[in-house]
Amino acid sequence: MGGFFGAVGHKDVLSDVYFGADYHSHLGTKSGGMAAYDPEIGLQRNIHNIQNTQFRTKFGHIFNDMQGTAAIGCINDSNPQPLLIRSNIGTYAICFVGIINNADALIKTYLSFSGGHFEAMTGGKVNSTEIVAALINQKSNYLEGLHFAQNVIEGTASILILTDEGKIIAARDKVGRIPVILGKGKDGYCVSFESFACHKLGYSVERDLGPGEIVELSADEVKVLQQPYDKRKVCAFLWTYYGYPTTNYEGINVECMRCRNGEILARQDKENGRMPEIDYVGGVPDSGTPHAIGYANYSKIPFARPFIKYTPTWPRSFTPTSERERSQIAKMKQVPVQELIKDKKLLFVDDSIVRGNQLRETVDFLYDNGAKEVHMRSACPPIMYGCKFLSFSRPTGDYDLISRAAIIDLEGEEGFKYIDEYRDGTTERGRKMREYIARELGFESIEFQTVEGACEAIGISADELCTYCWDGKE
């Protein structure tokens, strides 16, 4: 994943972008970067690897190295950015959030008719941001180039461009899967993935850009270059998992949605006669916690934190690429509260269940510390399809998804004809899949949120949300 923040004003905005980008640290752990424009110096750029440190630590010197009345910054889990590009359109800095599924085909096409080249990274891979820039450069201006890039990219692309005229062009992806939020301050404007970053830096949120909307920001105005499209497909995982609790997407707060989601889970358990007799409800920290609070509030079962993340020396573990690394970090960060575990019947709510590997270790950890029973609830429906629009739930193959693995073991590939039944916990197939997963992971019981329940919690209709990983609908 990744996030970005940009600002333009009458005064130096480097401090705003430094802190604004840092407020997106929960969205990526690989690299961070900043680019700035100053009328006297021109464009400047700085990139650092942040895998073993914090963004602020790496960029604390930036005020001695850069300055500018316009700047963009980003944190991501993929390729180093922003990039500085000199092209027929002009010289500019660019960063993007999203994924390009047809990168090889685009590279082949670009090289075949242009005679151009790309800088190769380790293993011969090409920086995705450079591909985006190369596509934009096929046209004669930024607007035409952005249209072209977003039309030929299979996947998702939200893009920030910092021009050599000190303006920022922000383009939200065509169906609005990724948020792009516009803020206004006393000296200019900002654009951000997370709304709370605007508030903390003194900007009032003006609005979310619409799907496919493109705007140009200067210190004095926001010019709409492309009106938004009608079709909207916002990623539902923004609320259940990706988003920071204090942020709002489409005017809907993340923390409040998660609490509602937990309440709906508890309501469904009660209606279906699946509410177990337990001592405490807890959340798998951190994003599972507000879902669990909602569950506890509705069920009237006490909320507790039977284990806590140790964050002073293990502050970050967002989606490491290695499963071994993910499991090791999760294991080292979990510190038990013995008094809340020993001889207790516990129910935990997690934001989602993808492969289940970390949860298997978590339940072993709880039983090793004396838990009597461990039940699990997922704030998301069963994940049946690897995400092809963002980086969440992207296994090496769909069979790595624990829901798919369960179907294979229960019925073979023939079972994929009945995915809708497996998603539904009230059907025979749905019950068998849940029993299988509970047995595999060591839970007394497991239940999942429904697609309808998740949409109800968000407050947006299903046809305006991207729920592909749950139901395969694009």
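Any read-out appearing in this document is the output of simple, stated calculations on the displayed coordinates, not a laboratory observation. Treat the numbers as computed from the prediction; the structure is a model and nothing was measured. Here the Cβ is made from the backbone with ideal geometry for all residues, glycine too, and neighbour counts use every protein chain on show.
The residue among Ile107, Ser158, Gln334 whose Cα reaches farthest toward the positive pole of the charge dipole of the chain, with charges on the beta-carbon of Lys, Arg, Asp and Glu, is Gln334.
Taking a straight line from the alpha carbon of Lys58, these lysines sit under 18 Å away, with near neighbours fewer than eight places off in the same chain left out: Lys30.
Let me spell out the model: positive unit charges on the Cβ of Lys and Arg, negative unit charges on the Cβ of Asp and Glu, origin at the Cα centre of the stretch 185-251. What dipole size does that give, in debye rounded to 20? Don't skip to the answer; put the middle values down first.
Working: 7 positive and 10 negative charges, 49 e Å.
My answer is approximately 240 debye.
For the stretch 90-103, the Karplus equation 6.51 cos²θ - 1.76 cosθ + 1.60, evaluated at θ = phi - 60°, returns couplings of x, 9, 7, 9, 9, 9, 9, 10, x, 8, 10, 7, 10, 4 Hz by residue, with Gly and Pro reported as x.
To the nearest ten degrees, helix 428-441 and the longest principal axis of the Cα atoms of the chain are 80 degrees apart.
Over the residues of the stretch 1-104, compute the C-alpha Rg and express it relative to 2.2 N^0.38 Å. Don't jump to the answer; show the numbers that get you there.
Working: Rg = 13.3 Å, N = 104, 2.2 N^0.38 = 12.8 Å.
Against the compact-globule rule of thumb, the ratio is 1.04.
If you take all other residues with their beta carbon under 10 Å from the beta carbon of Ser158, and give Lys and Arg +1 and Asp and Glu -1, the sum is +2.
Which FRET efficiency value, to the nearest 0.05, do you get for Glu421 and Glu474 by plugging their Cβ-Cβ distance into 1/(1 + (r/R0)^6) with R0 = 25 Å? Don't skip to the answer; put the middle values down first.
Working: r = 21 Å, r/R0 = 0.84.
The pair Glu421/Glu474 has a calculated efficiency of 0.75.
Ordering Val180, Val222 by the number of other Cβ atoms within 10 Å of each residue's own Cβ, fewest first, gives Val222, Val180.
Can you give the charge dipole size of the chain about its Cα centre, rounded to the nearest 20 debye, using +1 on the beta carbon of Lys and Arg and -1 on the beta carbon of Asp and Glu?
On the way: 52 positive and 62 negative charges, 119 e Å.
The dipole of the chain has a size of about 560 debye.
Couplings 3J(HN,Hα) for the stretch 448-463, derived from phi with the Karplus relation 6.51 cos²θ - 1.76 cosθ + 1.60 (θ = phi - 60°), are 10, 5, 8, 4, 5, x, 5, 5, 4, 5, 6, x, 10, 5, 4, 6 Hz, where x marks Gly and Pro.
If the chain linking Arg207 and Lys139 were pulled fully straight, counting 0.36 nm for each residue of separation and taking away their Cα-Cα distance, it would gain 21.6 nm.
Please report, largest first and rounded to whole Å, the three semi-axes of the ellipsoid equivalent to the stretch 254-471, where each semi-axis is the square root of five times an eigenvalue of the C-alpha gyration tensor. Don't skip to the answer; put the middle values down first.
Values: eigenvalues 123, 83, 66 Å².
Rounded to whole Å, the semi-axes are 25, 20, 18.
The ellipsoid equivalent to the alpha-carbon distribution of the stretch 177-281 has semi-axes of 36, 16, 8 angstrom, derived from the gyration tensor eigenvalues as √(5λ) and listed largest first. Pairwise Cα distances in the stretch 331-455 exceed 18 Å for 54 percent of all pairs. The residues Ile161, Ile437, Ile178, Ile460, when put in order of fewest to most other Cβ atoms within 10 Å, stand as Ile460, Ile437, Ile178, Ile161. The alpha-carbon positions of the stretch 2-232 define a convex hull whose volume is 114 Å³ per residue.
Do the sum for the chain: with -39,500 (n - 2.57) for every DSSP H run of n ≥ 4, divided by all residues, what is the mean residue ellipticity at 222 nm, to the nearest 500 deg cm²/dmol? Don't jump to the answer; show the numbers that get you there.
Values: 16 runs with 150 residues, N = 474.
So the helix-based figure for the chain works out to -9000 deg cm²/dmol.
Based on alpha carbons, the Rg and Dmax found for the stretch 402-455 are 10.8, 30 Å. Across the stretch 364-378, computed HN-Hα scalar couplings (Karplus, 6.51 cos²θ - 1.76 cosθ + 1.60, θ = phi - 60°) run 4, 4, 5, 5, 4, 9, x, 4, 7, 9, 10, 10, 10, 10, 9 Hz from first to last residue, x flagging Gly and Pro. Exposure proxy for Asp208, Asp164, Asp230: other Cβ atoms within 10 Å of each Cβ, ordered fewest to most, give Asp230, Asp164, Asp208. Between Ile460, Gly42, Thr450, the Cα set farthest toward the positive side of the dipole of the chain (charges on each charged residue's Cβ, about the Cα centre) is that of Gly42. The residue list Leu347, Leu84, Thr311 was ranked by how far each Cα lies along the charge dipole of the chain toward its positive end, using unit charges on Cβ atoms, and Thr311 comes out on top.
Return the Rg/Rh ratio of the chain with Cα-based radii and a Kirkwood Rh.
Working: Rg = 23.0 Å, Rh = 23.3 Å.
Rounded to two decimals, Rg over Rh is 0.99.
Taking amide H as placed 1.01 Å from N in the peptide plane, the amide H of Lys174 sits under 5 Å from that of Ala157, Gly212, each at least 5 places away or on another chain.
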